[in-house]
Amino acid sequence: MFEKTLSELSQALHAKKISSVELTQAYLDRIERLGEQSNSFITVTVEQALVQARAADQRIAAGEAGPLTGIPLAHKDIFCTDGVRTSCASRMLDNFIAPYDATVVERLAAAGMVMLGKTNMDEFAMGSSNETSYYGPVRNPWDPERVPGGSSGGSAAAVAARLTPAATGTDTGGSIRQPAALCGITGLKPTYGRVSRYGMIAFASSLDQAGPMTRSAEDAALLLQAMAGFDPRDSTSIDRPVPDYRASLEHSLAGLKIGLPREYFDQGLDAATAAVIEAALDQYRRLGAETVDISLPNSGLSVPAYYVIAPSECSSNLSRYDGVRFGYRCEAPRDLEDLYKRSRGEGFGAEVKRRIMVGTYALSAGYYDAYYIKAQKIRQLISADFRRAFEQVDVIMGPATPSTAFRLGEKTDDPVSMYLSDIYTIAVNLAGLPGMSIPAGFVDGLPVGLQLIGGYFQEARLLNVAHQYQQVTDWHRRAPGEA
Amino acid sequence: MTGKQSARGFIDMQWEVVIGLEIHAQLACKSKIFSGASTAYGALPNTQACAVDLGLPGVLPVLNRQAVVMAAKFGLAVGATVARRSVFARKNYFYPDLPKGYQISQYELPIVEHGSLEIELEDGGSKTIGITRAHLEEDAGKSLHEDFHGMTGIDLNRAGTPLLEIVSEPDMRSAREAVAYMKKIHALVRYLEICDGNMQEGSFRCDANVSVRPKGESAFGTRTEIKNLNSFRFVERAIEYEVERQIHLIESGGEVVQETRLYDADKGETRSMRSKEEAMDYRYFPDPDLLPLELDEAFIESVRQTLPELPDAKKARFMSEFGLSAYDAGVLTASRELADYYETVVATVGGEPKLCANWVMGELLGAVNKAGLELPQCPVNAHQLGGLILRIVDNTISGKIAKAVFEAMWAGEGEADAIIEAKGLKQVTDSAAIEKIIDQVLADNPRQLEQYRAGKDKLFGFFVGQVMKATQGKANPQQVNQILRQKLQG
């Protein structure tokens, strides 16, 4: 049962082979039994899940169910959930219970999905290893000594460990794709504006985007279908019809032009990982696709530009955590300044503080032009690189990460080396494009992710390209052993 | 302003005052600029602050279209450019009544730029004041320092209230000019119905940038900014105090420090709040939660269509159409309500614009001011006043009786006709009847008659008064004059 895809579960539910309550209970039991191994959940919402499951069973019985009704899922703990703690994996919000649902949560609940709980993550989504969480690191189900990636590490590990059939994630610089790659699952970051950000706690507003984290492209299509769409509460969401993502899954890839950016295959890429990616590309050639060498000449500037823009926005976005209205407040503040300093000093972890300081500096008078404005110009150049590329090719492919999952603690003392683990994913956020990571093989028993990048609003194309690959490979079906 | 006439004994230097104003006009939108919460004034603390206003995690701003329309209206009314593209920016600072830790404002690209306004000077001339820009922004909440036993209470009802900040060029040269400009903007925003102008509730307030320089000098002196002036009188007094302070400082060998100052209305002085060195670095940057605001030609044109007749145009029309003096036209167009009131009176009477103007400016405004009311609360509406004036025009009553009728109307005794009827105030216009009364008056006052005929002309008024007394003021004054003159001559 834990190996079933979303559509298989949907069929079983509709055929009354299993009830949503039974399915939900099975997953809750599994989380109870195995959850601690990966530490992938911050909160498990047992009672609420069963209430939702019973309601889903009634909908199914009444013939009012959709394709996702009754299927459990987990939300990254960055999405506000009415009445349930939303911590963002920070001490700052350890006591925060949102009085409303994020649009993503609302939409998936409306589709009849059952929330199992809230998954672990890097604090305020700042990290690439899930080691910055106030609730402790998440462990990679393929090797508990290794990181699951981040920041959506809990979601990726939970899906990989079969603790949930699917999860939501968010991706600011690779936070869906990088953990999906390191945990061997399928993750999609949609075009900026495709999914509402309302109720999704902001890290870097111009880059943040929510997306599905699943075991297959077909599952991602189903989940995205319910998540995507215009939201009048988010001014940056785009009012554009949502296509039927499943309708084009079976399209042939004959004649598909795949661009291979030479910058993604340089010396920074681990040789064994490169071999896995090459093999995947061969598979695509066998499916009728053609590969074309391309260049994204400004790729090398994406990490530095990102580490100006994202911290700048975060320094402002996180100003609201001041100990005044909600969240952590220090003990017995002497005065207002003391309240601010200690509440923020004690409430935030080291990486969050580092980024707030970097961003505050970059936005300061006298530095703004040299950093923030320059980074915005680089952002334009990076977008232009992609625009030119998509004049030649249909999709771009490359590795999602430079190597497989690294060891816990390996990069915690070296922020720059940690930042470079997102080197292949960050440019996609800067350009606002959709990107995916799909399982493409293993190196020493650890998963390797193939990254797919599409033009604006080409999610259907990416899902089609990923799905066709998954029809002729079984990497995405491999499960980590239950250690 | 000069330094020499002051009692301090300085004689030499002639000073020029330079003033620029930043006016904050609260836009008359029903809901907040970035949320659906109500903007109504006076609710219980923190009952009109929704999740967006509280800056809860995950919430996002959505721009209120009405605020954009209002800002565009203002821009068009002052002949400014309404930007096809403007950008919202975050102004970052920490304060307990600023929930997000930043205020959403407009910085590099405001919605309105390069406008101007004419003000009238005391010598009868006029002067153009440049309007650098006007931008949309959200208001902060309120910090309440009283009633909390040494602690501070925060009321976030005002947080997110839409504001239009109107920034002038440093074109004003005296406190009086600054007040004239502020009054002109005040009248304009009320004409446009984009701000209720209520200064007590803080809907209309300003910061004044003040500096002085030797006459003839082209470079500006160091300026200070006086914050949060919420009455015309405070603006005038604060600027005057600040000018004196700066001149005194320089003349006694000191230097003006660039700083923000607060006006203490009780003490009538300004005092330092923070200096430039302590000034905050607001780290402005474009708000990534809001797309640039793009307005097309059609939108701007549609707003232009809704512009009412503006004060200057209305004043000119009142002068040409109604033959009013510049002064009368100026008074009657000072607010849109008053101008509308006046025009309704004229329409009801069907003419007599000067008589109507005298009544509106005299009896009506006198009574309104005496009662401390605003025009909309006035108990005599324009149709009622017109009905009264009609009875003067058609000789039913005299002007003097009309004043009594007006008082009765003000007291709520009904329409003019009903009061005239009930009190029997209808004018006596029957010549024979008037003649009879005059004969009686002359017969009753033989001594005065003798004196008059001996050349004491002034006694004519005495006889008129006696006739009026005998008729309780109801005799037609023209007829009384005419018949009396004949009789006295006879």
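Between A:A384 and B:D264, the FRET efficiency from the beta-carbon distance, with R0 = 45 Å, is close to 0.20. Centre-to-centre, using Cα atoms only, segment A:430-483 and segment A:255-304 are separated by 14 Å. Calculated FRET efficiency, B:E337 and B:D147, Cβ-Cβ r, R0 41 Å, to nearest 0.05? The calculated FRET efficiency here is 0.70.
The angle separating the long axis of helix B:336-349 from the principal Cα axis of greatest extent in chain B is about 20 degrees.
Ignoring ligands, DNA and RNA, please state the percent of accessible area on segment B:335-410 from carbon and sulfur, probe 1.4 Å. About 50 percent, which is the carbon plus sulfur part of the accessible surface. Protection proxy ranking, highest mean first, for peptides A:13-26, A:141-154: A:141-154, A:13-26, where packing is the per-residue count of other beta-carbon atoms within 10 Å, averaged. Per-residue mean of foreign Cβ neighbours for B:59-65 is 5 (Cβ atoms of other chains, 10 Å radius). To put it simply, the accessible area of segment B:182-233 at a 1.4 Å probe is 42 percent carbon and sulfur.
Sequence-ordered 3J(HN,Hα) estimates for segment B:460-472 from the Karplus curve with 6.51, -1.76 and 1.60 and θ = phi - 60° stand at 3, x, 4, 5, 4, x, 5, 5, 4, 4, 5, 9, 6 Hz, glycine and proline given as x.
I need the Debye-formula profile for chain B: one equal scatterer per C-alpha, no solvent, reported as log10 I(q)/I(0) at q = 0.06 1/Å, two decimals. Values returned for q = 0.06 Å⁻¹ are -0.42. Backbone phi angles across segment A:97-109, fed through the Karplus curve with coefficients 6.51, -1.76 and 1.60 (θ = phi - 60°), yield HN-Hα couplings of 10, 5, x, 7, 8, 4, 4, 4, 5, 4, 5, 6, 5 Hz in residue order; Gly and Pro are listed as x.
Evaluated over the Cα positions of the protein assembly as shown, the convex hull gives a direction-averaged projected area, one quarter of its surface, of 54.5 nm². Protection proxy ranking for A:272-279, A:155-162, B:116-123, using the average of other Cβ atoms within 10 Å per residue and placing the highest first: A:155-162, A:272-279, B:116-123. When only alpha carbons of segment A:6-253 are considered, Rg and Dmax amount to 16.5, 50 Å. Computed with a 1.4 Å probe over protein heavy atoms only, the accessible surface of chain B comes to 47 Å² per residue. In the full protein context, segment A:398-483 carries 32 Å² of accessible surface per residue, based on a 1.4 Å probe and ignoring ligands, DNA and RNA.
What does a probe at B:D281 reach in segment B:76-104, counting residues whose amide N is under 14 Å from the point 7 Å along Cα→Cβ? Output list for this probe position: B:92-93. Of the cross-linked pairs A:K257/A:K411; A:K76/A:K341; A:K76/B:K91; A:K76/B:K100, those separated by over 27 Å at the C-alpha level are A:K257/A:K411; A:K76/A:K341; A:K76/B:K91. For segment A:6-253, which whole percent of the accessible surface, found with a 1.4 angstrom probe, sits on carbon and sulfur atoms? That share works out to 49 percent. Spatially, segment A:227-243 and segment B:133-163 are offset by 33 Å when compared through their Cα centroids. Straight-line cross-link reach from A:K17 at under 24 Å between alpha-carbon atoms covers these lysines, not counting any fewer than eight positions away in the same chain: A:K4. Residues of segment A:179-219 that bury at least 20 Å² of accessible area once all protein chains are present, compared with their chain alone (1.4 Å probe, heavy atoms only, ligands and nucleic acids left out), are A:R197, A:Y198, A:S205. Projecting label points 7 angstrom from Cα along Cα→Cβ for B:A219 and B:D123 puts them 2.9 nm apart. Based on alpha-carbon centroids, what's the gap between segment A:31-70 and segment A:359-402 in Å, whole number please? Value for the Cα centre distance between the two parts: 40 Å. Within segment B:86-117, the residues that become at least 50 Å² less accessible when every protein chain is included than when their own chain is isolated (1.4 Å probe; DNA, RNA and ligands ignored) are B:F94, B:P96. Put a plus charge on the Cβ of each Lys and Arg, a minus charge on the Cβ of each Asp and Glu, and nothing anywhere else: the dipole of chain A about its Cα centre is then about 480 debye. Neighbouring Cβ atoms from other chains, within 10 Å of the Cβ of residues in A:78-91, number 1 on average.
Helical content of the protein assembly as shown, expressed as a calculated mean residue ellipticity at 222 nm, amounts to -11500 deg cm²/dmol (DSSP H runs of 4 or more residues, -39,500 (n - 2.57) each, divided by residue number, nearest 500).
The peptide list A:41-48, B:420-427, put in order of mean Cβ contacts within 10 Å with the highest first, becomes A:41-48, B:420-427.
Probing with 1.4 Å while keeping every protein chain in the model, the per residue accessible area of segment A:6-253 equals 28 Å².
Return the value, in Å² to the nearest 100, of accessible area buried between chains B and A (probe 1.4 Å, both sides summed). What B and A bury together is about 2700 Å². Remark on segment B:248-294: accessible area falls by at least 40 square angstrom from chain-alone to full-complex state for B:D281, B:R283, B:F285, B:P288, B:D289, B:L291, probe 1.4 angstrom. In this Cβ point-charge picture (+1 for Lys and Arg, -1 for Asp and Glu), segment A:373-483 has a dipole of about 380 debye about its Cα centre. Please compute, for peptide A:318-329, the average count of beta-carbon atoms on other protein chains lying within 10 Å of each residue's beta-carbon. Mean shielding by partner chains, rounded to a whole number: 5.
Going Cα to Cα from A:K353, which aspartates and glutamates come in below 16 Å? Please leave out same-chain ones fewer than 8 positions away. Cα-Cα hits under 16 Å: A:D122, A:E123, A:E131, A:E313, A:D322, A:D413, A:D414. Determine, from the Cβ-Cβ distance of B:Q478 and B:Q305 and an R0 of 51 Å, the FRET efficiency 1/(1 + (r/R0)^6), rounded to the nearest 0.05. The formula returns an efficiency of 0.55 here. A simple rule links phi to the HN-Hα coupling: the Karplus curve 6.51 cos²θ - 1.76 cosθ + 1.60 with θ = phi - 60°, which for segment B:310-315 gives 8, x, 5, 5, 5, 4 Hz, with x for Gly and Pro.
The values are calculated or read from the model by the stated rules, or taken from the named source; none is laboratory data. Computed from a predicted model, the values in this text were never measured in an experiment. Heads up, the Cβs are rebuilt from the backbone with ideal geometry, glycines too, and the neighbour counts pull from every protein chain shown. For the accessible areas, the whole protein counts, side chains as well, though only heavy atoms, and no ligand, DNA or RNA atoms are used. Shrake-Rupley method; radii C 1.70, N 1.55, O 1.52, S 1.80 Å.
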